[in-house]
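Q: Here it is: the structure, laid out below.
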Amino acid sequence: MSATELPRVAVVSSAQTELRAAWPSLQHVDLISTAVTRALAGSALRIEDVDFVIDSGSDVLDGRSISNCGFLGALGAHHKEESRVEEDGLWAALYGVTKITSGSADVGLIVAYSKPSESDLAAFYWTQAEPFYARPVGLDHRAAAGFHAQAYQAAGGPGADAFATVVARNWERAAANPAVALDGPPPAADDGAVPMSRPVDGAVAVVIAVEDVARRVTPDPVWITGMGTAMDQHTFARRKRGALPACRAAAQMAYRRAGIDDPRRVSLVETGADSAVGELMVLEALGLAEPGRGIELYNGGEHIAVNPSGGSLPADPVMATGLVRLSEASRQLAGRAPHRPAGATSAIVHGAGGIGGQNHCVFTLEVDPR
């Protein structure tokens, strides 16, 4: 069967909790059940109509083995096929879309969740480092961002002022997004430090469906037209610093499947980077700017709306960040978000995992002409 003969899959509904620095009054099950209930309530579907549930989280971040076993009821996965993806939620969505296009299911529920406020985030990333040389010296996501920033600037890219511009623009847009709870202006970065994303607690649920179901349950299905994923070297020292070739490979795979020749013609992009320099490198790897010139997308050279939701820097629900980007982009294209760019009809969605952007997943979306 050729790619053109595969069933079309759409996002038909999504919902998320408010993303907060901490939800001390709510447990994982509370956040998950809130997102799932809201997503189904907006889909014209019942939990009985869902063929499978795929959830994304981390045993290490949650602090217990097989942590999703305690969440099956909240996920709506009782007596259903359920799978766990120990990676950012956008990979869980990729798995779900693949199941539907294979013909084995019609409706899927994808859920991702995280409470980094209850964990040591640096230790979480530290456990992902190469264990014999990198882990003993404390390599984590902050150190990796610093190495990337040094290489990025050495290759001619901008530095601290550009990073501050990226943070300020995203914070401004997040302030207009009712799904993000900000507790003040962006924190001032220490001298020489790379601004990092702000970890938040939250959960997100996305309902996907095959075309005939999608057209029955919503007037505005958001079609998933392309997907791509790629992984770089595990050992950070062996990777190219200052650029993200795995992100570029994932994007090219998604564009090929979607038939996109020029990604700069897409209406909007939602990125899942964990640092300001990471966001610039992602935009360049996605083909939206030349190497070292991603800052032009914030300084009057906009040909595509970058992170209308505020993106991941003001609100990074680790393990759920990419799926939040999918939820945000689909809501914008369907006209269900107040921050939707006028006339938006297509989107690029990005998620990342690992230290320093080791793994990348890219989706492309579009809506039918109105």
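Q: If you take the residues in region 192-220 that are assigned to a loop (DSSP other than H, G, I, E, B) and of a type in the set (A, V, I, L, M, F, W, C), which one is modelled with the lowest pLDDT?
A: ALA193
Q: Quick one: which residue in ASP232, ASP262, ASP274 is more than 21 Å from the chain's Cα centre (by Cα) and in the same structural domain as GLU296 (by TED's automatic domain parsing)?
A: Of the residues listed, the single one that is more than 21 Å from the chain's Cα centre (by Cα) and in the same structural domain as GLU296 (by TED's automatic domain parsing) is ASP262.
Q: Would you mind finding the one in ASP261, ASP201 that is surrounded by 22 or more Cβ atoms within 10 Å (Cβ to Cβ) and not aliphatic (A, V, I, L, M)?
A: Being surrounded by 22 or more Cβ atoms within 10 Å (Cβ to Cβ) and not aliphatic (A, V, I, L, M) holds for just one of ASP261, ASP201, which is ASP201.
Q: Is one or more of the residues making up region 40-54 outside the structural domain of ALA144 (by TED's automatic domain parsing), within 18 Å of the chain's Cα centre (by Cα) and within 23 Å of PHE363 (Cβ to Cβ)?
A: Yes, some residue in region 40-54 is outside the structural domain of ALA144 (by TED's automatic domain parsing), within 18 Å of the chain's Cα centre (by Cα) and within 23 Å of PHE363 (Cβ to Cβ).
Q: Also, quick follow-up: How many of the residues in region 290-320 are more than 30 Å from ALA112 (Cα to Cα) and not basic (Lys, Arg)?
A: Count: 10.
Q: Looking at ASP62, ASP88, ASP120, ASP55, which one is more than 26 Å from CYS247 (Cα to Cα), surrounded by 14 or more Cβ atoms within 10 Å (Cβ to Cβ) and among the acidic types (Asp, Glu)?
A: Result of the check over ASP62, ASP88, ASP120, ASP55: ASP62.
Listed here are the residues, each with its yes/no results for (1) touching a Gly at 6+ places or on another chain (Cβ under 8 Å); (2) over 23 Å from PRO178 (Cβ atoms); (3) not in a helix (DSSP H, G or I).
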position	(1), (2), (3)
GLU279	yes, no, no
LEU288	yes, yes, yes
GLY301	no, yes, yes
GLY310	no, no, yes
PRO314	no, no, yes
LEU323	yes, no, no
PRO341	no, no, yes
ALA344	no, no, yes
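Q: Tell me, please, whether a residue that is in a loop (DSSP other than H, G, I, E, B), surrounded by fewer than 20 Cβ atoms within 10 Å (Cβ to Cβ) and charged (D, E, K, R) can be found in region 238-248.
A: Scanning region 238-248 turns up at least one residue that is in a loop (DSSP other than H, G, I, E, B), surrounded by fewer than 20 Cβ atoms within 10 Å (Cβ to Cβ) and charged (D, E, K, R).
The values are calculated or read from the model by the stated rules, or taken from the named source; none is laboratory data. All figures in this text were calculated on a predicted structure; none of them were measured in a lab. As a convention, Cβ positions derive from the backbone with ideal geometry for all residues, glycine included, and neighbour counts pool all protein chains shown.
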